[in-house]
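FYI, it's all coordinate maths here, none of it is from the lab. Values in this document were obtained by computation on a predicted structure and should not be read as measured data. We place every Cβ from the backbone using ideal geometry, glycine too, and count neighbours over all the protein chains shown.
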Amino acid sequence: MYGASLTLRTIGLTAALLALGALGGLLAQAAHLPMPFMLGSLGSAGLATALFQHGALRDYSFPMRFRTLFIGLIGVMIGTQVRPELLNEAGDMLLTLSALALFVVLAHAGNYTIFRRLGRYDRATAYYAGTPGGLMESLVMGERAGADLPLLTAQQFLRIILVITLVPSALSLWLGHPVGSAAGASAVPAAPVSPPALLLILVAAGAGLGIAQVIRLPAGQITGPLLLSAALTLTGAVDLHLPFWLIATAQVVVGVSLGLRFSGMTAAMLRRSLGLSLVSVLFMLALGAGFATLLTKATGLPFLLLMISYSPGGVTEMSVIALSLAANPALVSLHHVVRILFTVGVMSAAERHVDLTRD
């Protein structure tokens, strides 16, 4: 009976939080904010967490399988944007993907200095808090190395949250209009999607998630459905398109799940972590802008595309931003997956050869 009541409580709270997130998204849209459904839902969930984490939301965890399904749907949407013309950019991508290795090393070194010198974190916490990707791997390896796990968790999630907040805002100022659905931008057609097509989309997402789990794809929640829907699209056998309401719902789910990450943070920890994270993220964005500028001159690829590709947010979140701007989301997703692979490779090497427990 206790388990059943707990399940009903989780379902009820999840529904309430998603409704609150949707309301936050609509308010953000009315205010012409960038990426309104993601940022509005993130803010709403963060506020709810601050107010009720010791009350109604005590011991509550967002159902991650539910989140995974919607990330899979985003992967399907990105896969539908893959076109044969992408192969024409293979030579340029070889350069931009290779440059990511240098970006990861420089970003990580700069972040380590920020957290070690400014934050006065111990070596293990500073090292794993400064990784420009690989969130879950950073937490697991950092805990093994003796890092301060609450601080490490706060810094890693704030990295993603600040990047997906600052990048759309900066792009909105640069472009002169809000990016995302508030600007009316949409990568999906206005025509309604039929129930059989919607069922096919769900099947593609589920099958892609299953394949990713079996073959252990990196960032498999999004790359599995992405690759499967890309293959289906390139064959010409199917034409998958997600309706706008489904994309907006996926943004709300992702935003709410991110906003709930503030749970357990004290005001003092949040102030300290937020200040350091802001310095770290601004440093990485400036570094990414430098790489984007140089690579634009070398390859001719648009600066906007490369800037999003070199912004160290999560794969899912940055892919959503690329989708809203129609900025070749498949290419952006590829860069972020490679960034994570490089970062995890560096962390794995350090775990084997560097003693981070000494302070």
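Shown in residue order for the range 226-236 are the 3J(HN,Hα) couplings computed by the Karplus curve 6.51 cos²θ - 1.76 cosθ + 1.60 at θ = phi - 60°: 4, 5, 5, 5, 5, 4, 5, 5, 5, 6, x Hz (x for Gly and Pro).
If you average the alpha carbon positions of the range 21-68 and of the range 90-108, how far apart do those two centres end up, in angstrom? Value for the Cα centre distance between the two parts: 34 Å. Sorted largest first, the spans of the alpha carbon positions of the chain along the three principal axes are 60, 59, 44 Å. Comparing Leu20, Leu175, Leu295 in a Gaussian network model of the chain, where Cα atoms under 10 Å apart are tied by springs, the biggest mean-square fluctuation is seen for Leu175. Considering only Gly176, Gly75, Gly220, the mean-square fluctuation computed in a Gaussian network model of the chain, springs between alpha carbons under 10 angstrom, is largest for Gly176.
Once you've got the GNM for the chain with C-alpha springs shorter than 10 Å, pick whichever of Arg123, Arg339, Arg271 has the biggest mean-square fluctuation. The residue that fluctuates most here is Arg271.
As a length-normalised measure over Cα pairs under 8 Å and 6 or more apart, the relative contact order of the range 237-359 settles at 15 percent. Around the amide H of Asp148, modelled in the peptide plane, lie the amide H atoms of Thr125, all under 5 Å away and 5 or more residues distant in sequence or on another chain.
About the centre of its Cα atoms, the chain shows a dipole size close to 640 debye [charges on the beta carbon of Lys, Arg (+1) and Asp, Glu (-1) only; nearest 20 debye].
Considering the options Gly134, His353, Leu304, tell which one lies farthest towards the positive end of the dipole of the range 2-353, charges being +1 on Lys and Arg and -1 on Asp and Glu at the Cβ, about the Cα centre. The residue sitting farthest along the positive end of the dipole is His353.
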